[in-house]
Amino acid sequence: CPARARRSPPRGREMPKLRGEAFWRETLRSAHYVVAPMVDQSELAWRLLSRRHGAQLCYTPMLHAQVFLRDANYRRENLYGEACPEDRPLIVQFCANDPEVFVQAALLAQDYCDAIDLNLGCPQMIAKRGHYGAFLQEEWDLLQRMILLANEKLSVPITCKIRVFPEIDKTVKYAQMLEKAGCQLLTVHGRTKEQKGPLAGVASWEHIQAVRKAVSIPVFANGNIQCLSDVEECIRKTGVHGVMTAEGNLHNPALFEGRNPLVWEMAEEYLEIVQKYPCPLSYVRAHLFKLWHHTLQVYQQLREELAKVKTLEGIVDVNRELKLRCQEEIANQKEGEKPKEGLPFFHWICQPYIRPGPKERCKENGTRGTEKCVRGKRALEEDEDGNSELLSKNKQKKKLRNPNKSFDPTLKPKYAKCDQCGNPKGNKCVFNMCRGCCKKRAFKETADCPGHGLLFKTKYEKSLLWQSSQTGIQNPEISQRDVDVGKTAVPKEADDTAS
């Protein structure tokens, strides 16, 4: 692919922007099978692999509008350098909470895609701290302004990806508000923002169906998609135009073909694409942890090797070793043998991963009797004998760097708490507070706190002395006493006049 695949500049009068159904039919080519935007996971190489195996529309990973606007390297690494004619139709997704910033970033991206999507569905803590994603779903005035401005300024359509409210009626009104503001396509994830991780539960297709009936723009459904039959059932039950999947695609890129290929074959194909269209090694490793999820529960040593490998060639070697071990296991397989651990297929076949609920996760993270048993994502903490093999991966790395490091919570130092907020206070703080609370109080009271290096009083007094020295040059009769109390003396002539 050429380095850039920009849209052709308009000649003469600009073509009218397609909207709603026309946009979906013509620009998106009536896409039914959609790969979701996934942070660090829906990069160009993975999108091309997914398109080879049935995906009709892909999204970029979520991009931060503020960073995209100010950082040319971020733009090049995440969009400009990845432009490729085979990678269309493509929708670029941004997270933002400021209308001007969002639109300015979108203007820089619109020549490299077919639409701009506003992320209103991210439920993660980082989205809460950054005030974007699903944590904007109560701020309807702000969202209206963002979409109205984008719809007015951009040459490509604006779309939105949302999560539902617990109430169907409120979800429908939310969708109608976005449509009225100018949204041309809506993706509805049938979970609330609280449904995530082990609490994800089942997505509500009833919410999605209600939205589909209430709006006139195209609607994509997201949630509960693990295989092609799920896609077909979702379209039949909800009446949506297309179905989006994230985790289902990560565990089986051939999901939209209705196939369950061998895990090493998908890995080989993906690694070939990565050699042509490079991406960070962390992305590649994360993809293979998903693809090989069930197999790595059996071959724990390969899990360790994949985690430690530093080059793409090293990952290719790990895939080759995994292939050999699986082929050997297949050759020694007994007739009539069935998959273990309740899997629908043998572990070397691409298949869904059913996320365990809270109770199941506790069991998964508990003590196991044999080496070959499945171990959870979170390893156990250090036992009473100090067995470091039971430490989590991150703690094992810290232990390698510092053999004397202890993770015993009883040995952690106890900190005195801030009188105001409960965070650790500064040892030398004059107010017995943390730095944040101390700064607020010192500023309010014009006081000093040498322990935190806050000198509001000192700086204020110095500013008064400087002001008095400047005034004193013009009016020598100003007294030092007046300066000390922060007052300017009245000149004698003025005093006589006043009396």
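The values are calculated or read from the model by the stated rules, or taken from the named source; none is laboratory data. As the structure is a computational prediction, the values presented were derived from the model and not from experiment. Using ideal geometry, Cβ is built from the backbone for each residue, glycine included, and neighbour counts are taken over all protein chains shown. Side chains included, ligands, DNA and RNA excluded: accessible areas come from the protein's heavy atoms. Shrake-Rupley method; radii C 1.70, N 1.55, O 1.52, S 1.80 Å.
Structure notes:
- Restricting attention to the stretch 189-212, the residues that are under 12 Å from Thr171 (Cα atoms) and either open to solvent by 60 Å² or more (accessible area, probe 1.4 Å) or touching a helix residue (DSSP H, G or I) at 6+ places or on another chain (Cβ under 7 Å) (or both) total 8.
- Whichever residue in the stretch 213-234 is touching a residue at least 40 places away in the same chain (Cβ under 8 Å) and open to solvent by 20 Å² or more (accessible area, probe 1.4 Å) and, among such residues, is farthest from Gly133 (Cα to Cα): Cys227
- When residues in the stretch 299-308 are screened for being of a type in the set (A, V, I, L, M) and touching an Asp or Glu at 6+ places or on another chain (Cβ under 8 Å), 1 of them pass.
- Filter result for Val211 (farther than 20 Å from Leu69 by Cα, more than 20 Å from the chain's Cα centre (by Cα) and β-branched (Val, Ile, Thr)): yes
- Among residues of the stretch 59-84 that are within 20 Å of Ile126 (Cα to Cα), those with a beta-carbon under 6 Å from a residue that is aromatic (Phe, Trp, Tyr) and part of a strand (DSSP E or B) at least six positions away or on a different chain give the pairs Leu63/Phe94; Ala65/Phe94.
- Of the residues examined, Pro85 is one that is modelled with pLDDT under 95, of a type outside the set (Gly, Ala, Ser) and not in a strand (DSSP E or B).
- Within this structure, Thr171 passes the test of being modelled with pLDDT of 95 or more and either aliphatic (A, V, I, L, M) or under 16 Å from Lys213 (Cα atoms) (or both).
- Picking from residues in the stretch 396-432 that are of a type in the set (D, E, K, R) and crowded, with 16+ Cβ neighbours inside 10 Å, the one that is nearest to the chain's Cα centre (by Cα) is Lys399.
- Members of the stretch 298-322 found to be within 14 Å of Ile349 (Cβ to Cβ) and in contact (Cβ under 8 Å) with a residue 60 or more places away in the chain, listed by number: Val298
- Some residue of the stretch 241-258 being under 18 Å from Gly20 (Cα atoms) and either open to solvent by 10 Å² or more (accessible area, probe 1.4 Å) or among the charged types (D, E, K, R) (or both): yes
- Of the residues Lys310, Lys290, Lys340, Lys323, the single one that is of a type in the set (Lys, Arg) and either open to solvent by less than 30 Å² (accessible area, probe 1.4 Å) or under 19 Å from Gln226 (Cα atoms) (or both) is Lys290.
- Verdict on Tyr132 being within 21 Å of the chain's Cα centre (by Cα), surrounded by 16 or more Cβ atoms within 10 Å (Cβ to Cβ), aromatic (Phe, Trp, Tyr) and at pLDDT 95 or above: yes
- Considering residues of the stretch 326-337 that are in contact (Cβ under 8 Å) with a residue 12 or more places away in the chain and within 16 Å of Glu265 (Cα to Cα) only, the residue most open to solvent (accessible area, probe 1.4 Å): Ile330
- Condition met for Met177 (surrounded by fewer than 20 Cβ atoms within 10 Å (Cβ to Cβ) and either in a helix (DSSP H, G or I) or of a type outside the set (Val, Ile, Thr) (or both)): yes
- Residue check: Asp169 meets all listed conditions (1) open to solvent by less than 20 Å² (accessible area, probe 1.4 Å); (2) more than 18 Å from Val243 (Cα to Cα) but one, namely (1).
- Entry remark, the stretch 399-440: residues being hydrophobic (A, V, I, L, M, F, W, C), within 11 Å of Leu454 (Cβ to Cβ) and not in a helix (DSSP H, G or I) number 4 in total.
- Residues located in the stretch 140-166, provided they are open to solvent by 30 Å² or more (accessible area, probe 1.4 Å), in contact (Cβ under 8 Å) with a residue 24 or more places away in the chain and farther than 25 Å from Cys58 by Cα: Trp140, Gln144, Arg145, Pro166
- For the stretch 219-235, the criterion of a residue being aromatic (Phe, Trp, Tyr) and within 21 Å of the chain's Cα centre (by Cα) is satisfied by at least one position.
- Subset of the stretch 36-58 [part of a helix (DSSP H, G or I) and either closer than 15 Å to Ala286 by Cβ or touching a residue at least 40 places away in the same chain (Cβ under 8 Å) (or both)]: Leu44, Ala45, Trp46, Arg47, Leu48, Leu49, Ser50, Arg52
- Figure legend. Inter-residue proximity from the stretch 414-439: first residues over 16 Å from Phe456 (Cβ atoms), second residues polar (S, T, N, Q) and in a loop (DSSP other than H, G, I, E, B), beta-carbon distance below 6 Å, spacing 6+ or different chains. Indicated pairs: Asp419/Asn432; Lys425/Asn432; Cys434/Asn423.
- Of all the listed residues (Ile91, Ile158), the sole one being hydrophobic (A, V, I, L, M, F, W, C), closer than 22 Å to Glu43 by Cα, out of contact with any helix residue (DSSP H, G or I) (no Cβ under 8 Å at 6 or more places or on another chain) and at pLDDT 95 or above is Ile91.
- Test for Gln176: is it at pLDDT 95 or above and over 25 Å from the mean Cα position of the chain (by Cα): yes
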